[in-house]
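Down below is the structure, laid out as structure tokens.
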Amino acid sequence: MRDASHHPSPSHPPPAHGVGRRTLFTAALTTAAVTAAGCGAYDPLAGERTRLRQWNLFGGGDGLRMLQMHEEYQAEHPDIDFRATTFEWGAPFYTKVAMGAAGGRGADIATVHVSRLESLAPGRLLDPIDPAALAEAGIDETMFLPNIWEECFFEGQLYAIPLDTHLLVQFYNLDVCREVGLLDSNDRLVPLDGRETYVDALREIKAATGGFGLSLDTWGPWSNFWALYRQQDGELVFGEDDFELDEDKALAAMDFLYRLSEEGLSPRVSQGADTSANLANGQSGLMIHGNWEMTTLDATDVSFSVTQFPNIFGNHRTRGDSHCYVFPHQRDRDPERTRAALDYAAWMLRHSLSWSEGAGHIPAYLPVAESEEYDRLHPQSEYREAAENVQFEPDAWFSGSAGRLQDDATGPITALHQGTQTPEEALEQLKRTFRTMINAPAPV
């Protein structure tokens, strides 16, 4: 758990105030761009070393942490001419990867979301990864959770190496939850399983705070809906000209979100920094958000801890994704540089404890995630099991992190929180949104 006495250590740099996770952090971009462009002093030994170019999308606190890890990697590998470039998170990054790969001029290795594999046209824009070559670097499938490893394949071929799992979790304000008796003797949140138990707890918190019971992002609501829908075993399958959706389960998920805002248990409008601010300033006792918001809360005085996404429909399933390493397509992929890329990925996995210390991403590499060092990492180790409950978005070119599905589904679900649509009306709008996306041509 984190308390007011927590101060970021030199190995855990504080995030920049006012800079969101998806906003490119200026210092990180500048340093990475200079490194990538080779604008520093001339290096006469560069021609004698193995060239390795890496692209990533990490800004803010993630970007600073990644720069730190890259500096350590470079110090340990003087024989590698390593240069990393950071591009703006989201569509600009994926456009760059697609354009570079389409011309056969992709980086040797890049970091993407595993949920975007299908949209990156494996076999055309991505080159497959040889499991035997990966094993020579000391990495194989036994070192990952099966549900994470399986996402790295497309049509039977391996295209990705998972670095982490990042997902929706539940933060809790220790002072508020202690006041209303929701902490056990170890200051951990007591189980609040089931819709009615959870809602009753939110009412108690609301009475104590005078604000809300739960803070959540009403302007990025697709992830919350997807978690609640999947907790009911809801399936969503996109075909060429239609889709399959369990409308009863979708309606149950929407009804729950609608109820939270309708009863004043959560905000009708909460966007960006507002969501974390509600927890930090004691206006709410609980918050559902991505684990990366830990960096935001670390910069405040709030005492908090983290647990899994709440069990509303019988389990702790939650929406999530994985950052992973891929090989953007190259016309003439060099074997030596490919080996260096695999060795680099293996090194990053073995040092992913540092990655988790930053924004709280769960290491995909089990020897780290199950280590004593990770056990001592709090609150990260408090929600380690959430990786087993992660629910990836349905397969479609418009699905996944920074994908069109998240953006286009915002309207109907946000309307639920604002009270401008009933769950039934929001469901019909969501279905129309799905049909529009299905009928749109894939960009690649």
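So is ARG333 among the basic types (Lys, Arg), open to solvent by 10 Å² or more (accessible area, probe 1.4 Å) and assigned to a strand (DSSP E or B) or not? It would help to see each step written out before you state the result.
On the way: among the basic types (Lys, Arg): yes; open to solvent by 10 Å² or more (accessible area, probe 1.4 Å): yes; assigned to a strand (DSSP E or B): no.
Spelling it out, it is not the case that ARG333 is among the basic types (Lys, Arg), open to solvent by 10 Å² or more (accessible area, probe 1.4 Å) and assigned to a strand (DSSP E or B).
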Problem - Test result for ASP343, open to solvent by 50 Å² or more (accessible area, probe 1.4 Å), within 29 Å of ALA84 (Cα to Cα), out of contact with any Ser or Thr (no Cβ under 6 Å at 6 or more places or on another chain) and not aromatic (Phe, Trp, Tyr) - result: yes
Fill in the blank from the handout: Within region 162-191, the count of residues that are of a type outside the set (A, V, I, L, M, F, W, C), over 16 Å from VAL306 (Cα atoms) and crowded, with 19+ Cβ neighbours inside 10 Å comes to 2
Fill in the blank from the handout: If we ask which residues in region 351-376 are free of Cβ contacts under 8 Å to residues at least 60 places away in the same chain and either closer than 16 Å to THR111 by Cα or touching a strand residue (DSSP E or B) at 6+ places or on another chain (Cβ under 6 Å) (or both), their number turns out to be 1
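Of ILE288, ILE312, which residue is under 26 Å from GLY181 (Cβ atoms), assigned to a strand (DSSP E or B) and touching a Leu at 6+ places or on another chain (Cβ under 7 Å)? Give the steps one after another, and end with the answer.
Working: ILE312 fails: assigned to a strand (DSSP E or B).
So the residue among ILE288, ILE312 that is under 26 Å from GLY181 (Cβ atoms), assigned to a strand (DSSP E or B) and touching a Leu at 6+ places or on another chain (Cβ under 7 Å) is ILE288.
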Exercise for the section: Could you pull out every one of the helices (runs of 4 or more DSSP H) wholly within region 192-277 that has 1 or more residues that are in contact (Cβ under 8 Å) with a residue 24 or more places away in the chain and open to solvent by 50 Å² or more (accessible area, probe 1.4 Å)? Expected result: 195-209, 247-262
Exercise for the section: Go through region 94-113 and give me each residue that's hydrophobic (A, V, I, L, M, F, W, C) and open to solvent by less than 10 Å² (accessible area, probe 1.4 Å). Expected result: VAL97, ALA101, ALA107, ILE109, ALA110, VAL112
Handout entry: Failed item, numbered, when PRO146 is tested on (1) at pLDDT 95 or above; (2) surrounded by 14 or more Cβ atoms within 10 Å (Cβ to Cβ); (3) not β-branched (Val, Ile, Thr)
Key = (2)
Problem - Qualifying position, being buried (at least 23 other Cβ atoms within 10 Å of the Cβ), in contact with a helix residue (DSSP H, G or I) (Cβ under 9 Å, 6 or more places away or on another chain) and of a type in the set (D, E, K, R), among GLU393, GLU388, GLU357, GLU373 - result: GLU393
Exercise for the section: Could you check ASP43 against (1) of a type in the set (Asp, Glu); (2) surrounded by fewer than 21 Cβ atoms within 10 Å (Cβ to Cβ); (3) modelled with pLDDT of 85 or more and say which number it fails? Expected result: (3)
Practice task
Kindly provide the set of residues from region 111-126 that are of a type outside the set (Lys, Arg) and at negative phi, ordered by number.
Solution key: THR111, VAL112, HIS113, VAL114, SER115, LEU117, GLU118, SER119, LEU120, PRO122, LEU125, LEU126
Handout entry: Top-ranked residue in region 114-128 [being within 23 Å of the chain's Cα centre (by Cα) and not in a helix (DSSP H, G or I); ranked as surrounded by the most Cβ atoms within 10 Å (Cβ to Cβ)]
Key = LEU126
Handout entry: Residues satisfying the stated conditions in region 70-104, i.e. farther than 15 Å from ARG51 by Cβ and part of a strand (DSSP E or B)
Key = THR86
Exercise for the section: Inspect all residues belonging to region 350-373 and state whether any of them is on the phi > 0 side of the Ramachandran plot, assigned to a loop (DSSP other than H, G, I, E, B), of a type outside the set (D, E, K, R) and more than 14 Å from the chain's Cα centre (by Cα). Expected result: no
Exercise for the section: Go through the residues of region 433-440 one by one and say whether even a single one is loosely packed, with under 15 Cβ neighbours inside 10 Å, modelled with pLDDT under 95 and either under 25 Å from TRP89 (Cβ atoms) or in contact with an Asp or Glu (Cβ under 6 Å, 6 or more places away or on another chain) (or both). Expected result: yes
Exercise for the section: May I ask you to say which residue of GLU393, GLU385 is at negative phi, of a type in the set (Asp, Glu) and assigned to a helix (DSSP H, G or I)? Expected result: GLU385
Exercise for the section: Please determine, by comparing only the residues of region 291-309 that are touching a helix residue (DSSP H, G or I) at 6+ places or on another chain (Cβ under 6 Å) and assigned to a loop (DSSP other than H, G, I, E, B), which one is surrounded by the fewest Cβ atoms within 10 Å (Cβ to Cβ). Expected result: THR300
Practice task
May I ask you to list the residues in region 59-88 that are more than 28 Å from ALA402 (Cα to Cα), among the hydrophobic types (A, V, I, L, M, F, W, C) and open to solvent by 40 Å² or more (accessible area, probe 1.4 Å)?
Solution key: ALA75
Fill in the blank from the handout: Of (1) assigned to a strand (DSSP E or B); (2) of a type in the set (A, V, I, L, M, F, W, C); (3) in contact with a Phe, Trp or Tyr (Cβ under 6 Å, 6 or more places away or on another chain), LEU167 fails just (3)
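For the structure I just gave you, tell me whether ALA91 is of a type in the set (A, V, I, L, M, F, W, C), open to solvent by 10 Å² or more (accessible area, probe 1.4 Å) and modelled with pLDDT of 95 or more. I'd like the intermediate steps shown before the answer.
Details: of a type in the set (A, V, I, L, M, F, W, C): yes; open to solvent by 10 Å² or more (accessible area, probe 1.4 Å): yes; modelled with pLDDT of 95 or more: no.
The answer is no for ALA91.
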Problem - Sole residue being at negative phi and at pLDDT below 95, chosen from ALA277, ALA341, ALA252, ALA299 - result: ALA299
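The values are calculated or read from the model by the stated rules, or taken from the named source; none is laboratory data. This structure is a prediction, so every number in the text was calculated from the model and none was measured. As a convention, Cβ positions derive from the backbone with ideal geometry for all residues, glycine included, and neighbour counts pool all protein chains shown. Each accessible area value is taken on the protein alone, full model and side chains, heavy atoms only, with ligands, DNA and RNA left out. Shrake-Rupley method; radii C 1.70, N 1.55, O 1.52, S 1.80 Å.
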